[in-house]
Amino acid sequence: MRTAFAAAGTLACLLACGCGGYADFRLPLMAGPRTAESFRIEPRAGPVLARGAAGDWDSHDALNPSVVRHQGLLYNFYSGFDGKTWRTGLATSTDGLVWRKEGSVISPDPATWEGDYIAANGSAMFRGGEFLYWYQAGPRETPRLGLARSPDGRRWRKLPEPVLETGPRGSWDERGVADPYVIYVKNALYLFYLGQDRARRQRLGVARSTDGAHWEKLRANPVLELGGIGAFDENGLGEPAVWIGQGSYWMLYTGRDHFEQRRMGLARSADGVTWEKLPAVFSGTEAWNNQVVCDATIEALDVRMGVWFGGGDVASPDENLHGQIGVGVLVPAGATLKK
């Protein structure tokens, strides 16, 4: 999932990148009245983007959609897994329902910090005349976040070093940062992400940037904690998707339960830092997503808000889910969806 840069070439002149430390901040406070207390998802039956055939780069899983609208076309930068490597691919659509796959566009580079396992699971936007894509890479045990840039969504140039590093010894994100989701609000970028500590607890935090390459983490992270024993999110949180509407910040996030089934929860905030978990939990109801619903991305479909998400029929914390991508419409709770 915005004008963050003064000119198209701003990032091109960056010679170094990485986390700029820690700070106390919050997102701009929501000033208007709160006109919705919750949301529901009205899903379309069946996946709209299937995994590939045997031997394809996305043969095992097609997950982690990041949908961006540009010049009347929807670009879906999604993650594909072939049983060994995660890559980022591109699919395009005019309506968000019928997609044309254009193949893999970003792969991990074993000769760099990325290693050979993953360059995917990212968050895209179009700003300053180019696509920007924050993605997960590095060792499977200690992932970090990188940034790539493209004029057309097909030809990409990566920054040479990670833009978000793991935290110091003993911190909540010491053993990994992953699952980026970036939004632009009033002259700043905010990155919501997963952090993992040495106990392998996975929670959610936020960082702030003015250029997309240098980030300062919120000193008070994490901003969203695990659920209690027996909760749908007791085993881990991940894959945040944040948007603004109805007088609040909203977050769809993935929760993992004791059996590694994944569902999506909903949280609400007035400042993007203090979050209230809501009772709404979204589960898969069809054969293709009855064990996993995850990886939401939010974008305008027409006059409504579309939500694309991953799903699978195998309960697993990471891959080989038979993953495919579905779509629905976000509707304020109590509202009637107009056909």
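Using R0 = 30 Å, the C-beta based FRET efficiency linking residue 276 and residue 22 works out to 0.80. Potential lengthening of the chain between residue 71 and residue 44 amounts to 7.2 nm, from the contour at 0.36 nm per residue minus the alpha-carbon distance. The magnitude of the dipole of the chain, with charges of +1 and -1 set on the Cβ of Lys/Arg and Asp/Glu and taken from the Cα centre, is near 700 debye.
Calculated FRET efficiency, residue 100 to residue 286, Cβ-Cβ distance, R0 = 22 Å: about 0.40 to the nearest 0.05.
As a length-normalised measure over Cα pairs under 8 Å and 6 or more apart, the relative contact order of the stretch 38-332 settles at 17 percent. Orientation-averaged projection of the chain equals 16.1 nm² [convex hull of Cα atoms, one quarter of hull surface area].
When peptides 238-245, 48-55, 215-222 are sorted by average Cβ neighbour count within 10 Å, with the highest value leading, the order is 238-245, 215-222, 48-55. Taken over the Cα atoms of the stretch 79-165, the convex hull encloses 103 Å³ per residue.
Using the Cβ-Cβ distance between residue 199 and residue 31 with R0 = 35 Å, the FRET efficiency computed as 1/(1 + (r/R0)^6) comes to roughly 0.35. Considering all different alpha carbon pairs of the stretch 189-303, the Kirkwood hydrodynamic radius works out to 14.9 Å. Along the axis of the charge dipole computed for the chain (Cβ charges of +1 for Lys and Arg, -1 for Asp and Glu, origin at the Cα centre), the listed residues 238, 251, 142 are led at the positive end by 251. If the segment from residue 314 to residue 142 were pulled out straight at 0.36 nm per residue, it would be longer than the present Cα-Cα gap by 59.5 nm.
Readers should treat all values here as calculations from the given coordinates under stated rules, not as data from a laboratory. Source: prediction; values computed, not measured. Cβ atoms come from the backbone with ideal geometry, glycine included; neighbour counts cover every protein chain shown.
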